[in-house]
Amino acid sequence: MWIVPRFDLALDDPDDELLAVDEALNALVEAHPEHAELVKLRYFAGLSGDETAAALGISTSTADRRWTFAKAWLKQSLS
């Protein structure tokens, strides 16, 4: 079990760019949940491609394809 420390950040107004990323990631969760889970593990947890594949129980090549798709999907959503 992971224990994540809680940090309260003093932000007056949320950054528009941060909100856009959050919205795009939430849309990815709705459309392609398996791809979104991979993004969370790669980007937020800092796992490598091989580590992510092992964590998800998929091949490295499948993880690589999902990573490529998710990056392109998010980039297009944010443009």
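Between Leu18 and Lys75, the FRET efficiency from the beta-carbon distance, with R0 = 22 Å, is close to 0.85. Rounded to the nearest 10 square angstrom, Asp64 shows an accessible area of 70 square angstrom against a 1.4 Å probe. Stretched out straight at 0.36 nm per residue, the stretch from Asn26 to Thr60 would grow longer than its current Cα-Cα span by 9.8 nm. Taking every Cα-Cα distance in region 16-79 and sorting them into 10 Å bins starting at zero, the pair-distance distribution P(r) comes out as 23, 54, 21, 2 percent.
The values are calculated or read from the model by the stated rules, or taken from the named source; none is laboratory data. A quick note: this is a predicted structure, and the numbers were derived from the prediction, not measured. Methodologically, a virtual Cβ is constructed for each residue, glycine included, from the backbone with ideal geometry; neighbour enumeration extends over all protein chains shown. Remember, those area values only see protein heavy atoms, side chains included, never the ligands or the DNA or RNA. Shrake-Rupley method; radii C 1.70, N 1.55, O 1.52, S 1.80 Å.
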